[in-house]
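S.K.: Dropping the structure in here first, questions after.
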Amino acid sequence: VDNAVSFIPTKAEAVPEPPAWAATHMGKNLRAAFPKTGICKGNTDIVDVKFTADPAGLQVLGWGWDIPKKKRIERFVLVDKSFTVVGAGEGGVPRPDVSRALPGEVTDDNTGWTAVTKLTAGPVDGYGIVGDGDAVCMLGHLEF
């Protein structure tokens, strides 16, 4: 039995808007927005900030690596349990732990990503946008 108490830092601020490029994807079905499946490696690690002002929401942290292109993933979306795009974010966040753990495979120390969503509870899945911007690969699942 895991008795650990998880602590999510809070900010008394509104959740930031997702990046401008994501506006056309928000509220759409994942497969309608991204019909192809890509190949990647990564994870949707943690909720690292909870925003408590109006609108409330969360920031999610993870990492992603595009296997065929051998480079970090730059854009990410978050989907809810109905596979509706409910958040988005960008890569380039320092994650030297990843390249240390996967030497020779992941060659960039900045494979981390953050994404924001107005969800405050429930499951969320993180996906990296790969290919020619028309494919996604799943990076993990969080319950909060």
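S.K.: Provide the FRET efficiency to the nearest 0.05 for the residue 71-residue 143 pair, computing r from the beta carbons and using R0 = 30 Å. Spell out each step's value before the answer.
M.R.: Numbers: r = 30 Å, r/R0 = 1.00.
Step by step, r from the Cβ atoms, then E = 0.50.
S.K.: For the chain, with a Gaussian network of springs between Cα atoms less than 10 Å apart, report the residue from 111, 44, 52 with the top mean-square fluctuation.
M.R.: 52
S.K.: Around residue 15, what is the net charge, scoring Lys/Arg as +1 and Asp/Glu as -1 over all other residues with Cβ under 14 Å from its Cβ? Don't skip to the answer; put the middle values down first.
M.R.: Working: positive: 11, 50, 118; negative: 13, 17, 48, 54.
Neighbourhood net charge equals -1.
S.K.: When the Karplus curve 6.51 cos²θ - 1.76 cosθ + 1.60 is applied with θ = phi - 60°, which whole-Hz ³J(HN,Hα) does each residue of segment 99-110 get, with x for Gly and Pro?
M.R.: Karplus-based 3J(HN,Hα) across segment 99-110 equals 5, 5, 6, 10, x, x, 9, 9, 10, 10, 7, 10 Hz.
S.K.: Between segment 101-138 and segment 9-29, what is the C-alpha centre distance in whole Å?
M.R.: 15 Å
S.K.: Calculate log10 I(q)/I(0) of the chain for q = 0.10, 0.11, 0.21, 0.22 Å⁻¹, where I(q) comes from the Debye formula with a single equal point scatterer on each Cα and nothing for solvent.
M.R.: With no solvent term, the Cα-only Debye profile gives -0.32, -0.39, -1.28, -1.36.
S.K.: Next up: Check which residues have an amide H placed less than 5 Å from residue 14's amide H, if you skip close sequence neighbours.
M.R.: 53
S.K.: Only Lys, Arg, Asp and Glu count, each charged at its Cβ (+1, +1, -1, -1), so figure out the dipole size of segment 1-72 about its Cα centre, rounded to 20 debye.
M.R.: Details: 10 positive and 7 negative charges, 126 e Å.
Rounded to the nearest 20 debye, it is 600 debye.
S.K.: Once the mean 1/r over all distinct Cα pairs of segment 1-82 is inverted, what Kirkwood radius in angstroms do you read off? Walk me through the intermediate numbers first.
M.R.: On the way: mean 1/r = 0.0660 Å⁻¹.
Computed over Cα pairs of segment 1-82, the Kirkwood hydrodynamic radius comes out at 15.2 Å.
S.K.: Students sometimes get this wrong: rank 26, 138 by accessible area, probe 1.4 Å, all chains present, largest first.
M.R.: Sorted by accessible area, descending: 138, 26.
S.K.: List the relative contact order of the chain as a percent without decimals, with contacts defined as Cα pairs under 8 Å and 6+ residues apart. Please report the intermediate quantities before stating the final value.
M.R.: Values: 374 pairs, mean separation 40.5, N = 144.
Averaging sequence separation for qualifying contacts and normalising by length gives 28 percent for the chain.
S.K.: Picking from 89, 27, 126, which is most flexible by a Gaussian network model of the chain using Cα springs under 10 Å?
M.R.: Its mean-square fluctuation being the largest, the pick is 27.
S.K.: Now a separate question. Just give me a number: lysine pairs in the chain, eight or more positions apart or cross-chain, with C-alpha atoms less than 20 Å apart.
M.R.: 15
S.K.: On to the next question. Can you compute the helix-only [θ] at 222 nm over the chain? Use -39500 (n - 2.57) per DSSP H run of at least 4 residues, normalise by all residues, nearest 500 deg cm²/dmol. Let's see the in-between values first.
M.R.: On the way: 2 runs with 10 residues, N = 144.
Only helices count here, giving -1500 deg cm²/dmol.
S.K.: Enumerate the amide H contacts of residue 139 below 5 Å, restricted to partners 5 or more residues apart or on another chain; note that Pro and chain-start residues carry no placed amide H.
M.R.: The answer is 126, 127, 128.
S.K.: So, one more: Which value, in debye to the nearest 20, gives the size of the charge dipole of the chain about its Cα centre, when Lys and Arg are +1 and Asp and Glu are -1 at the Cβ?
M.R.: On the way: 15 positive and 18 negative charges, 63 e Å.
Its charge dipole is roughly 300 debye.
S.K.: Residue 111's amide H: which non-local residues (gap 5+, or another chain) put their own amide H closer than 5 Å, with H modeled 1.01 Å from N in plane and none for Pro or chain starts?
M.R.: So residue 111 has HN proximity to 95.
S.K.: For the peptides 101-107, 33-39, what is the packing order when you average, over each peptide's residues, the other Cβ atoms within 10 Å and list the highest mean first?
M.R.: Details: 101-107: 12.0, 33-39: 16.4.
Going by the mean number of other Cβ atoms within 10 Å, highest first, we get 33-39, 101-107.
S.K.: Sticking with this one: What does the charge count near residue 132 come to, summing +1 for each Lys or Arg and -1 for each Asp or Glu among other residues with Cβ under 15 Å from its Cβ? Display every interim value, and only then the final one.
M.R.: On the way: positive: 36, 69, 71, 75; negative: 66, 74, 134.
Counting the neighbours of residue 132, the net charge comes to +1.
S.K.: Can you check what the net charge comes to around residue 70, using other residues whose Cβ is under 12 Å from the Cβ of residue 70 (Lys, Arg +1; Asp, Glu -1)? Let's see the in-between values first.
M.R.: Numbers: positive: 41, 69, 71, 72; negative: 66, 105, 108.
Residues near residue 70 contribute +1 overall.
The values are calculated or read from the model by the stated rules, or taken from the named source; none is laboratory data. Keep in mind that this is a model prediction, so the values were computed, not measured. All Cβ positions, even for glycine, are placed from backbone atoms using ideal geometry, and neighbour counts span all protein chains on display. Just so you know, the surface numbers come from the protein's heavy atoms only, side chains and all, with ligands and any DNA or RNA stripped out. Shrake-Rupley method; radii C 1.70, N 1.55, O 1.52, S 1.80 Å.
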